[in-house]
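Shown next, in structure tokens, is the structure this report addresses.
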Amino acid sequence: MDVQHLQIAHPSMILSDPEWIALESIEEETRHFIFDDTMLHALQDRGLVESNGIGWRVTETGQKRLSERV
């Protein structure tokens, strides 16, 4: 099991710190994304991000999660 996998929370309303950082990075269109595809797909499975064909964008649900955490 990959160490990064251990940092991903199980599906729930709660975002782990790494998930929140990844989601915020996507929202800010960070060019240097420190996470691998595992994190992107975990967020996608939870409906927080989606692929737009050339990159990733935060969904409305993801936006709500970010604003709730602030």
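Observations, loosely collected:
- All told, His41 falls short of being modelled with pLDDT under 90, not in a loop (DSSP other than H, G, I, E, B) and not polar (S, T, N, Q).
- Restricting attention to the range 44-60, the residues being in a helix (DSSP H, G or I) and either of a type in the set (Lys, Arg) or over 14 Å from Glu19 (Cα atoms) (or both) number 1.
- Cβ-Cβ distances below 8 Å connect the following pairs, each with a first residue in the range 43-57 that is of a type outside the set (Ser, Thr, Tyr), a second residue that is part of a loop (DSSP other than H, G, I, E, B) and surrounded by fewer than 21 Cβ atoms within 10 Å (Cβ to Cβ), and a separation of six or more residues or different chains: Asp45/Pro11; Arg46/Pro11; Gly47/Thr59; Leu48/Thr59; Val49/Thr59; Glu50/Thr59; Gly55/Glu29.
The values are calculated or read from the model by the stated rules, or taken from the named source; none is laboratory data. Computed from a predicted model, the values in this text were never measured in an experiment. Don't worry about glycine lacking a Cβ; one is built from the backbone with ideal geometry, like all the others, and counts go over all protein chains shown.
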